[in-house]
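The values are calculated or read from the model by the stated rules, or taken from the named source; none is laboratory data. This is a predicted model, so every value here is computed, not measured. Every residue, glycine among them, receives a Cβ derived from its backbone with ideal geometry; neighbour counts consider all protein chains shown. Accessible surface areas use protein heavy atoms only, side chains included; no ligands, DNA or RNA. Shrake-Rupley method; radii C 1.70, N 1.55, O 1.52, S 1.80 Å.
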Amino acid sequence: MAAMASSTFFFFLLCLTVTAKKTYIVHMKHQDKPLSFETHNDWYSSSLQSLTANPAESLLYSYNAAFNGFAASLDPEQAEALSKSDSVLGVYEDTVYNLHTTRTPQFLGLDAESGLWAGHNTQQLEQASRDVIIGVLDTGVWPESKSFDDSGMPEVPAKWRGECESAPDFNPKSCNRKLIGARSFSKGYRMASGGGGIYKKPGEIQSPRDKDGHGTHTASTAAGSHVANASLLGYASGTARGMATHARVATYKVCWETGCFGSDILAGMERAIEDGVDVLSLSLGGGSAPYFRDTIAIGAFTAMEKGIFVSCSAGNSGPTKATLANVAPWIMTVGAGTLDRDFPAYAVLGNKIRYNGVSLYSGRGMGKKPVGLVYSKGNSSGSNLCLTGSLDPALVRGKVVLCDRGTTARVEKGAVVRDAGGVGMILANTEASGEELVADSHLLPAVAVGRKVGDLIREYARSDPNPTAALVFGGTVLDIKPSPVVAAFSSRGPNMVTPQILKPDVIGPGVNILAAWSEAIGPTGLAKDSRKTMFNIMSGTSMSCPHISGLAALIKAAHPEWSPSAIKSALMTTAYTQDNTNSTLRDAADGSLSNPWAHGAGHVDPQKALSPGLVYDISTEEYITFLCSLGYTVDHVKTIVKRPNITCSTKFKDPGELNYPSFSVMFGGKRVVRYTRELTNVGPARSMYKVTVNGPSTVGISVRPKTLIFRTVGEKKRYTVTFVAKRGASPMAKPEFGSIVWGNAQNQVKSPVSFSWSLIYLPNGAPPLTKYTSSSTNCGTKVCR
């Protein structure tokens, strides 16, 4: 029988016309391996011998931990034939993803000497975190950074099975007891590049070394060591440190100059799982796709099953609704908020009005004397956007240029102005970016302003016969109010894959974050930026994600027996939704009140998360039941779960029955939705909690029982909540929000609730994503907003 399966498999691989090759990820029936092959890798390799004289080159990766199958270089006809084999569950074309501090620890309360972890001091928590390993999948690492200094670190944990690779520009001895692993995965990237297609970038060394800066920034944010006198060219000066300063770091370079390929990401996740990481941090992603077509979701499921916490960025496509990435319930989906720190700068116009903005410009400045101001005057219709070649040097030389934000990178606009002879730039938001201000280390004096101010300056430039401007820079200012504020760029719900799961989960610091940087590139990321700095300030959900990864490492250190879902629950149910003025969190896009589609459960509070009282735990079997409730075929579920005996005999009536720490109530024509949740006591024995509900007038909420008494640590109790849509609610009514809180004198275990009256789904057959947006907004070669 096995021999027949093998023959059938090989038959499809014979005599196929060779055309342009691409990388395909092939999902195999793991149990179908013929007995004649000692390993699955042998089986996969043998299958390719009938296709090419160099099967070793065609077989890019053989997956065993994160996925059952392999990645191979095939032409479309070969891939089509492969998909018809009984041993093949699916063949998917490789997708390409692109990449999505000093003040943060104080803002999060991590510098407190006591009270951080109930019954223990900060020193004890740091000591416990020395055995926790954070794996960062990104653009690699700059190992010489002081953020990876290992002074005072003990020997590497015995469980560690990873290594540091050797490369022409990377000495394995660059690793130490802090940076304990550095690998690179580029076969998918090289396959796409070698084909001479759009991804071809010759001369890039295949090495763990970070030439982009993004990976060094995220890794040091998660677990960087203390570095005194850190700053970006004088801005945000102070002692830089990561969230878990004593945790170990292992980096997996899966992102290259033209992007991050799914086959490389999956290989990196597999290696990290086998190496023994405790936390996986991925500051990359894209839009929505069914979980069985989502490389990160598939790899993250295996990680979760092995006790590894996975944190991913939510994306930077806000404030547009339904733009979230990485929404699988076993992934921590992280949005971005502001710190209480700012970098003020001012545009002083000839009419004596001074407008507020932000900037990280650190040069000589342009002096106090006003100069001419020009707007939308150039060689083409793109001059308002300051696109390359659009400005007429005769019109802009010696003047300040007003540029609209959008289309190209913010810092690139400044370079265009400088090259055309301009002496300064005002970067004005449009309706797309609203009032959100992101500071940049521009190449010339530049100030970024919001849309409303931008409109006033545009009108002044158009109407005044002799408009002038001067730019003034204010350095670093702390204790900004209100803060945090939800970043306008942070992607928003609802969750388009499974609307019954509320996403994002939380927000964390993601605007103007200072962290370590690669000395191979300037702070703007532009080729013409020759400045070198050991630290850089960046913004994006790429920056908020590693904050949560580091905090998860601290919780893992304090509670090594907790599951990834328990850690997630602790971070979610203790998050706060009021800013430092005791008002409801606001949205930077327009200043309005935020809601759980923007901030999830709220902004993380690490002190409270270490002692949450109760947690919502979820087992692997419950996740499988959830997947079986989504209308997927059994083979689709097997793609994610990687178990041959899945039958989906057990299903939820509603995917919202998953024991998730939040609620997304979809009435969809029904008047009553009822869910049962289970809470586990991780606080003291003999604890009693009472429930408090909050909701809109259009929905009735009742909870039974109203009191939960836990006699022992680890005891589990269930409750049922019934949501009733009151008569007259329109199916077209706007979404509304509420909360359910289990509380006592010590803990408030809060779950956000969203209410929708219509159902929105991403079809199961939706095509795979072919391009993913960056999770950092300092785009360079990344996303440009």
Note to self, the chain gives a 222 nm [θ] from helices alone (DSSP H runs n ≥ 4, -39500 (n - 2.57) apiece, / all residues, nearest 500) of -6000 deg cm²/dmol
Would you mind calculating the relative contact order of region 471-610 from Cα pairs under 8 angstrom and at least 6 residues apart, reporting the percent as a whole number?
35 percent
Under a point-charge model restricted to the Cβ atoms of Lys and Arg (+1) and Asp and Glu (-1), what is the dipole moment magnitude of the chain relative to its Cα centre, in debye to the nearest 20?
1880 debye
Note down the relative contact order for region 530-644 as a percent, whole number, built from C-alpha pairs under 8 angstrom at least six residues apart.
25 percent
Could you rank the peptides 422-432, 682-692 by their average count of other C-beta atoms within 10 Å per residue, with the highest value first?
422-432, 682-692
With the cut-off at 21 Å, tell me which of the pairs Lys146/Lys532; Lys642/Lys716; Lys211/Lys253; Lys21/Lys642 have Cα atoms farther apart than that.
Lys642/Lys716; Lys21/Lys642
Hey, what's the chain come to in accessible area per residue, 1.4 Å probe, Å²?
36 Å²
Of Leu585, Ser83, Leu125, farthest towards positive along the dipole that unit charges on Lys, Arg, Asp, Glu beta carbons give the chain:
Leu585
What ranking do 507-516, 488-497, 583-592, 472-481 get when scored by the average of other Cβ atoms within 10 Å per residue, highest first?
507-516, 488-497, 583-592, 472-481
Once a ≥ b ≥ c are taken as the square roots of the eigenvalues of the Cα gyration tensor of region 355-429, is the result rounded (a/c under 1.5), prolate (a/b larger than b/c) or oblate (a/b not larger than b/c)?
oblate
Please list, or write none, the lysines whose alpha carbon is within less than 26 Å of the alpha carbon of Lys368, excluding same-chain residues fewer than 8 places away.
Lys352, Lys377, Lys399, Lys413, Lys452
Report the gain in length on full extension from Glu621 to Ala158: 0.36 nm times residue separation, minus Cα-Cα distance, nm rounded to one decimal.
163.7 nm
About the Cα centre, charge dipole magnitude for region 642-710 (Lys/Arg +1, Asp/Glu -1 at Cβ), debye
120 debye
Share, in percent, of DSSP beta bridges within the chain that are antiparallel, nearest 5:
65 percent
Cross-link reach list, lysines versus Lys22, counting only Cα pairs under 16 Å and skipping chain neighbours closer than eight places:
Lys187, Lys200, Lys771
Answer with one residue from Ile205, Leu137, Met153: the one whose Cα lies farthest towards the positive end of the charge dipole of region 126-244, charges on Cβ with Lys, Arg +1 and Asp, Glu -1.
Ile205
Accessible surface of region 581-620, 1.4 Å probe, proportion on carbon and sulfur as whole %:
43 percent
Cut-off under 17 Å on the C-alpha distance; same-chain residues fewer than 8 positions from Lys717 excluded. Which lysines are left, in chain and number order?
Lys690, Lys706, Lys750
Could you rank the peptides 619-632, 162-175 by their average count of other C-beta atoms within 10 Å per residue, with the highest value first?
619-632, 162-175
I'd like the carbon and sulfur percentage of the solvent accessible area for region 146-242, probe radius 1.4 Å, heavy atoms only, ligands and nucleic acids excluded.
49 percent
When the accessible area of region 303-432 is computed with all protein chains present and a 1.4 Å probe, what percentage of it is carbon and sulfur?
48 percent
Quickly work out the Lys734-to-Asp479 label distance, labels modelled 7 Å from Cα along the C-beta direction, and quote it in nm with one decimal.
3.6 nm
